Every structure is written in C-alpha cells, then in structure tokens.
C-alpha cells in the first residue's frame, strides 16, 4: 500500500527480472513490482533510497542508481553484510521486498545553469549514476559537466561499459590506484584528477561520493581550489532499520539521514560535527 | 471532578479490567522492587508502591515484538505478508506523572513527525490512562527541574490525587468522564481542588529534604548541548565512565530507539519468518556499525553525547514539544558508571563555570 507515493510500513513484493554482473562482488538487479498499480505509481528523485527486504534475512538501505526518467528500475549492490550477501545468492525470478523511496534527493532545481562535477571513489559511482544520467539527459541545462572516477584496479571500474558514452557527452576522467600492464589511463588517487581536469570553481557544484578517506581528501582539494563547502554535495551512508525517522540509528548531529538526508552539503556535514 | 473513597479506588481498576488488559504498580516479592506490569486482578495493584523500576512504556513499545509475519516459498515464488498490529484495549492504572509525560513524548515522536508509526498507533489506539499525582517525592526524583511532575496536567483519561481518606478523581477525556459517571462517583468541589493544590505545593517543598539524590538544572545546559559548545574533554570524561550496558536507555520513559531483525519463525515451516522489533541503545558499539565494518560513531564518548543530545537539546525538544528528560531519576539509579543524566548536567555546568 502506498501513502503519499511511498511504501512506508509493509514491503511491496518485487520480482528480480534480470541480474547483471558488474565488477567483482557487485551486481545489478533489475526489479519490477508485482502489484501493477505500484509499478506504475512508483517514482523517485535522484539521491533517494529504498529499504530492501531479502526474505528470511532482513532489510537494509540501498541507494537508487537509475535516473528518475526513462530508465529501467534497478539497484546495484555489493555483497558485504548479511542481507546483501543473501541478495547475491538470489537468481532472476526470485522475489524481494521494497519500501520507499525515502530521503530528500539531490537539489537539481537549484543547480540549473551551473557547472557540475561528479567525483566518485569506487562504488561511490553507484548512487551518483542517477544524477549523472539525469544531468546528461538534460545536458543543455548545465554548464561544463565533469566526471572524475577513481578505482582500485581497472577491473574495479564501475559502469565501464558507459565509459565511452560518458567521455563523449561530458568530460570524463578515470584513474586507478593499482594499474595493470594494459591500463593506459591515469594512475593515482581520484583527487589528483581535479587538477588534471582543470575543475572550475565559479558557478560550480560538486557531487562527491566514496569512502571516508577519499571523501575528505577530495573535499580538501576542491576547497583549496576555492570551491565553497556549500557547493560540495554528498550522500551519506548509515546503518538504518526503519527508513522513516523512528529507529534513530542513522542520526547525524540533530538530523536523521533517512528523513533529513541522505543528501547533505559538506558545510552541513561539518556543522553537524560527526565523522563521515 | 469526583471523589472516591480510598478503600474503593481499586473498583475503578476492576471496572477497567473487565474490558481492558490491566496494568498497574505493585511490589514484586522476589526482587522487593516496585514494578509496573500487567496484573492478574485489580486487587494486585498497590497505588502506594514507590516509583516503578521500569516505566510503563513497554505497554506501547514492548521489549520484543513481532511486527510482521511472512513466508516466501522459492519453489512456487509465493510471498505472504501479514502485518501484526496489537490494538488490544489496555488500561494503565496509577501511572506516575513523569511516566505519563514520557508517554506523551513518545506520542509526539511516533505520531507527530513526517511519518506515522503504524505499530505504535495501534498500541495507542485503545489505551486508557489513569495517572496519579505524587504527593511526596522519592529520593531519586527531579521532575520539578524538567516540568515532568509532580502532578499531571494533560494526557490522562482519569487522574487520581490522594486527599487522605479519599481520592480526587479528575476526568481528562470523554471516556474518562464516562467511566466516572458510570461508576456513580460523588462530585467534588472547589474545596477538594484547593486541597489538591495544597498537597502539590507541599510535595514540591519536600524535594529539598526528601529528593536528595538528584538535581538537574537542565535549562542551564540546553543551550550548550544544542550548539555543541562543550569541551571534548567533558564528553571523554563521561565516555570513560560508560560501561556501554544500555540500562539508561531501557529504563528511560522517553528512549525509544529500536532494532529490527528478521528471524526464522519458531516451530514454523522452512519458508516462514518473523520481523521482530526490539529495544536498542545508542550506547552499544554495534548501533551505528555499517555492513562493511565502518563505524562512524566508534568512540564511546561520541555515542554518549548522542544520548544527552536527545534528552537536552532544543532540536530534539522540537520533536517532543518539551525536553526529552522527564526527571524520573531512573538512569542515575541504574547507571553503574555514575553518569545518569543529573550527573552529566552537573559535569557540563562545572565546565561552564570553570
């Protein structure tokens, strides 16, 4: 049952239509709701998340990588914990439960006309994919669009099959920490690309997502160039149980990541004064 | 306003017990502690029992509760989901004002925010609350510092005040009034009301000599806690004393954090599971640990200051429409590390003065 366009309490049953292997241990699951009414009514904003139930195992928060418009509904998940490992054991045709969408989403209306810089570390590219595809779908609404992606090794690069398309439609740079002999691209951590890409700071907004160490280094580098912390936007990850502001596990300062986030500016994060 | 003879007061409980699951305070012989639990019969209730060890929040937010029963058969791909809502009529008889204040905080938190908590809503649906005015404080009490007592001003269906050989009975809702009328209670007048006021005033003057364990000048620290201008060393000092046992959360009338786990159903089929909601505490290290092992709030002091932020900040008060502490003194009572809320307030005030 949906309330205000959200599935709040009881998960809606969805079928895994197709599973695609991405990088090692990461798979994409294409989903459709069994209830056709929900399938038609389910909409979301870039940056929102769902609570995914793997039956018999539990529930966890999962970001939404598809663009809100003209994109097949899917989630991309690395098998890490109890629930996501169990998800990794499912096959096409199996059922899962979905609640959501929850959270605030990226502020697209406010950033129209600006240069957009996406900086992703590893699978940090998954929650950013929604916005990347959305921005590229509305390419003329934005100034320069730059994508900086850092991965451990060439085989850890997310969405490698989109690389050519993204390099054609925006300024996309890829780097790896540990290159293989056949790697011809950049080498080094992702923050080194900021200089190479000549990232602008005027009229610019940066979307940063990745592990905590990468997040801090990239933000320092961007601010050193002169980008204000209120134009550095990120999405936080937290252990969550309810998704609707009641269990309080995801509290960051006075806010809850599930209802006030997961999208925050770096300035907000600094004021809230908690570790990433 | 009505009157009921002291010897007759449990007739009210008896009447409620006919249509409700009856909860009330009593002395537990084994532990010699006052408890507030479901009772077998009205006569088991002891209104003179001291403040119970646990607040009655478990009637609305049980320690352990199944909220969803489901089955998923992979062979047939059949999924059955059956939510479990508990709307049994429950009557809480003899609730202390601080605990009633706690319930009102939970109401506002679970029913008054962006999302409404369905499970709580059903627990609350058919609840009947009979509160009682405290005519004397206990050693641990500091409700007068937090506007949590000693008399309830809202939220009850009936409120009892001990006037000596009678109880003054005030109705706070239509269903409370209906019950009092149906019981044929005698009417009270302004004289009885004045006697109630006199007894509350007397109770407040007794705090100095009786409630000697705790004082908490919370208004003095709310600003600091909200803005975060408290020396890290203070939180570290507090964190170093924390045993991470979670007792403060469990005895707190306003602590409501919960965990959710899916478990295979006991004696159920291979495909059957239950979604279970249990009490949780922000003092546990695993509370914020993510699946990959990363824990953004690993040091204990980071978790401790979170709890006091919940009790003492303006931001959280906006959710409760009052401070998150009701002044029952239970956290100070149970804390093995001596960092119950009143002590924490003292530590922060000391830092302000130094």
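Summary of computed values
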{"quantity": "Shape of chain B, Cα gyration tensor, a/c cut at 1.5", "calculated": "oblate"}
{"quantity": "Inter-centroid distance (Cα atoms) of segment B:290-339 relative to segment B:164-208, Å", "calculated": "35 Å"}
{"quantity": "Residue among A:29, A:159, A:264 with the largest mean-square fluctuation in a Gaussian network model of chain A, springs linking Cα atoms under 10 Å", "calculated": "A:159"}
{"quantity": "Overall form of segment A:109-272 per C-alpha gyration tensor (a/c, 1.5; a/b vs b/c)", "calculated": "prolate"}
{"quantity": "Cα long-axis angle, helix A:212-225 against chain A (0 to 90 degrees, to the nearest 10)", "calculated": "40 degrees"}
{"quantity": "C-alpha center-to-center spacing [segment A:1-45, segment A:181-245] in angstrom", "calculated": "29 Å"}
{"quantity": "Relative contact order of segment B:2-353, defined on C-alpha pairs under 8 angstrom at six or more residues apart (%)", "calculated": "20 percent"}
{"quantity": "Ascending count of other beta-carbon atoms within 10 Å, so fewest first, for B:75, B:215", "calculated": "B:75, B:215"}
{"quantity": "Rounded if a/c under 1.5, otherwise prolate or oblate - segment A:2-102, Cα gyration tensor axes", "calculated": "prolate"}
{"quantity": "Relative contact order of chain A, pairs being alpha-carbon contacts under 8 Å that are 6 or more residues apart, as %", "calculated": "17 percent"}
{"quantity": "Centroid-to-centroid separation of segment A:256-273 and segment B:120-162 [C-alpha atoms, Å]", "calculated": "36 Å"}
{"quantity": "Beta bridge orientation in segment B:2-353: antiparallel %, DSSP, nearest 5", "calculated": "75 percent"}
{"quantity": "The protein assembly as shown: projected area of the alpha-carbon convex hull, averaged over directions, in nm²", "calculated": "32.2 nm²"}
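Only the coordinates and a few stated rules stand behind these numbers; no lab work does. Small disclaimer: the values here were computed from a predicted structure and weren't measured. Positions of Cβ are generated from backbone atoms using ideal geometry, with glycine treated the same way; all protein chains shown enter the neighbour counts.
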